[in-house]
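Asker: Structure below; questions to follow.
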């Protein structure tokens with residue numbers, strides 16, 4: 001998939017997030033009921049819905065730029081690859097937050113963003129090609145500060161960040177289980 005077509009798909013997902021935020025604000029944040037609430041039956045739905053919900057426009061904005069860039073870098077590999085990577089990140093990362101997260105409502109695309117970030121870095125490690133290594137270098141330079149998102153802070157689901165990144169690593173491992181690289185020693 002070419003970068004422009006991929007970006008349009010990612011931008012479409014971002015517009016869904018913006019539309020949901022507008023609706024959420026207009027209805028007094030009624031959509032917060034669909035956030036991920038750890039260890040509750042009701043909170044299970046939030047595994048799927050929480051990445052699309054945000055507590056404020058500032059919260060949404062903080063996630064959107066990284067999502068647009070990192071999502072586009074992943075979708076260039078193809079729509080099916082983006083769907084597979086995103087499904088692993090959202091479902092596995094969300095399930096781990098549901099199992100181990102602190103009490104409260106967990107919302108936001110940052111777990112997805114951390115997962116995409118970890119996927120891109122891990123992909124470069126597992127599937128060593130010049131393109132992947134250059135992409136990983138750019139991602140590390142631009143988003144190296146994401147590492148601080150693993151530190152607990154008031155009002156921030158660091159568990160979402162941590163488990164999203166873990167799921168991104170697992171996605172890279174599962175989807176690139178057999179590295180094909182000229183950097184690997186032939187044996």
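Asker: Does segment 6-42 hold any residues that are surrounded by 14 or more Cβ atoms within 10 Å (Cβ to Cβ) and in contact (Cβ under 8 Å) with a residue 60 or more places away in the chain, and which are they?
Answerer: 6, 7, 9, 10, 17, 32, 35, 36, 37, 38
Asker: So which helices (runs of 4 or more DSSP H) stay within segment 72-179 end to end and still have 2 or more residues that are under 28 Å from residue 33 (Cα atoms)?
Answerer: The qualifying helices (runs of 4 or more DSSP H) are 79-88, 94-100, 110-126, 158-175.
Asker: Now for a separate question. If residue 96 passes every condition in (1) surrounded by fewer than 19 Cβ atoms within 10 Å (Cβ to Cβ); (2) in contact (Cβ under 8 Å) with a residue 40 or more places away in the chain; (3) within 16 Å of residue 157 (Cα to Cα) but one, which one does it miss?
Answerer: Of the numbered conditions (1) surrounded by fewer than 19 Cβ atoms within 10 Å (Cβ to Cβ); (2) in contact (Cβ under 8 Å) with a residue 40 or more places away in the chain; (3) within 16 Å of residue 157 (Cα to Cα), the odd one out for residue 96 is (1).
Asker: Still on this structure: Between a residue in segment 71-85 that is within 12 Å of residue 12 (Cβ to Cβ) and any residue that is not in a helix (DSSP H, G or I), which pairs come within a Cβ distance under 8 Å, given they are 6 or more apart or on different chains?
Answerer: 75/1; 79/1
Asker: Determine whether residue 163 is within 25 Å of residue 48 (Cβ to Cβ) and over 17 Å from the mean Cα position of the chain (by Cα).
Answerer: no
Asker: Further, regarding this structure: Tell me which residues, restricted to segment 46-57, are surrounded by fewer than 16 Cβ atoms within 10 Å (Cβ to Cβ), in a loop (DSSP other than H, G, I, E, B) and under 18 Å from the mean Cα position of the chain (by Cα).
Answerer: Result: no residue meets the conditions.
Asker: Can you find, within segment 100-139, the residue that is nearest to residue 64 (Cα to Cα) among those that are surrounded by fewer than 16 Cβ atoms within 10 Å (Cβ to Cβ) and touching a residue at least 24 places away in the same chain (Cβ under 8 Å)?
Answerer: 104
Asker: Suppose we filter 133, 60 for residues that are more than 18 Å from residue 31 (Cβ to Cβ) and either modelled with pLDDT of 95 or more or over 11 Å from the mean Cα position of the chain (by Cα) (or both); which single one remains?
Answerer: 133
Asker: Looking at (1) under 13 Å from residue 70 (Cα atoms); (2) modelled with pLDDT under 80; (3) touching a helix residue (DSSP H, G or I) at 6+ places or on another chain (Cβ under 6 Å), which is the one condition that is false for residue 142?
Answerer: Unmet condition: (3).
The values are calculated or read from the model by the stated rules, or taken from the named source; none is laboratory data. Note that this is a predicted model, so its numbers are computed, not measured. In this analysis, Cβ positions are derived from the backbone assuming ideal geometry, glycine residues included, and neighbour counts consider all displayed protein chains.
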